[in-house]
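To start, the structure itself, in structure tokens.
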Amino acid sequence: MPQRLSTYLKNKYGEKIYRLSLTSGCSCPNRDGSIILPDGRPATEGCSFCSEGGSGDFAASFAPVDEQIEEAKEIICRKTNATKFIAYFQSFTNTYGDIDRLEKIYMSAITRDDIEILSLGTRPDCLGEDVISMLERLVRIKPVWIELGLQTVSEKSAESFGRGYELSVFEDAYKRLKEIGIEVIVHVIFGLPGESRKDMLSTINYLSHLSPALDGIKIQNLQILKGTRMCREYEENPFHILTLEEYTDIVNESLKMLPDTTVIHRITGDGPKKLLVQPKWSADKKRVLNYMNKNLFYGS
């Protein structure tokens, strides 16, 4: 069966590794007008479910990286004896922008003695040759994870929420990242408007047959947040929201389909409570995890 992230890290490093949520100051081509939507308009709002925080609502504010790391460590070390960390650049698209500036930021993180892994959230269409070259230099120092926001293999759904790239772009990016020794973690969302259980499992089936095998996956339920285009669409024309029971059932089936070597980084999501519109059950993270622990075939 697939491994949980905590188990994988403890086996590899001999102790618990803590994630530090950091910010690189990047934007996103799906927000600055670089991507043209199917109706001819430049994209300025990001994917329709994406908040103003760029899927990094809990990340640090932009500041010098060493300062961000020390502040994030201080919070964690109040309650733990943590000594090893993952530098996780989460918000927006962290391979989009001036490559020299980005390399300085990531070098300053990955060369620290307390950082074991560099993890960058990005898009498959923001991995040009200059970026690949930078990543190749970084991965020679320490492990580098690239987190790709695929969300679904349905081109219809992807067009609806404005992903801005086709599946073939993901396939090319995945191949090039694996060729240089990067670990790839793919983000998937269950509960997108109009997607059936079969559609969601089709995404998992696709990922389970990737070659080389997928390193990691983050699964989460759709979060409808205030201020997003999807929120406006939901208010105008409500669509089905997965119940906790429905969501858990689909996650459970997904875990059975994935290769044993794939690491499960996340099985649910919890958006900021002040922004959350649906599903309301996801606001109670403790209850959600307790329920999923009891009903998944391995727990969270």
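What pairs in 16/156; 12/218; 256/286; 84/198; 178/285; 79/256 have C-alpha atoms more than 31 Å from each other?
The pairs that break the limit, which is 31 Å between Cα atoms, are 16/156; 84/198; 178/285; 79/256.
Through the Karplus equation 6.51 cos²θ - 1.76 cosθ + 1.60, θ set to phi - 60°, convert the phi angles of region 250-262 into ³J(HN,Hα) values in whole Hz; use x for Gly and Pro.
5, 4, 4, 5, 5, 4, 6, 8, 6, x, 4, 7, 6
How far apart, in nanometres, would the label points at residue 156 and residue 129 be if each is projected 7 angstrom from Cα along the Cα-to-Cβ direction?
Label at residue 156, label at residue 129, 3.9 nm between them.
Across region 110-118, in residue order, what do the Karplus-derived ³J(HN,Hα) couplings come to in whole Hz, using 6.51 cos²θ - 1.76 cosθ + 1.60 with θ = phi - 60° and x for Gly and Pro?
6, 8, 6, 5, 8, 9, 9, 9, 9
Considering the Cα positions of region 205-291, please state its Rg to one decimal place and its Dmax as a whole number of Å.
Answer for region 205-291, Rg first and Dmax second: 14.9, 43 Å.
Report the antiparallel proportion of the DSSP beta bridges in the chain as a percent, rounded to a multiple of 5.
On the way: 3 of 35 bridges.
Given both bridge residues lie in the chain, the antiparallel proportion sits at roughly 10 percent.
For region 60-149, which chymotrypsin sites (Phe, Trp or Tyr not before Pro) are both in a DSSP coil and crowded by at most 14 other Cβ atoms within 10 Å?
Values: sites: 62, 85, 88, 89, 92, 96, 106, 145; in loops: 62, 92, 96.
Passing both the DSSP loop test and the Cβ count: 62.
Share of Cα-Cα pairs in region 3-295 beyond 34 Å, in percent?
16
Counting other Cβ atoms within 10 Å, keep those with at most 12, restrict to DSSP loop, and tell me which trypsin sites (Lys or Arg not before Pro) in region 213-300 are left. The partial results should precede the final answer.
Details: sites: 218, 226, 229, 232, 256, 266, 273, 274, 280, 285, 286, 287, 294; in loops: 226, 273, 274.
Here the trypsin sites (Lys or Arg not before Pro) that fit, given the DSSP loop and packing criteria, are 273, 274.
Throughout, read-outs are computed from the coordinates displayed, never taken from laboratory work. Note that the coordinates shown come from a computational prediction; the quantities given were computed from them, not determined experimentally. Counting neighbours? That spans all protein chains shown, and the Cβs are built from the backbone with ideal geometry, glycine included.
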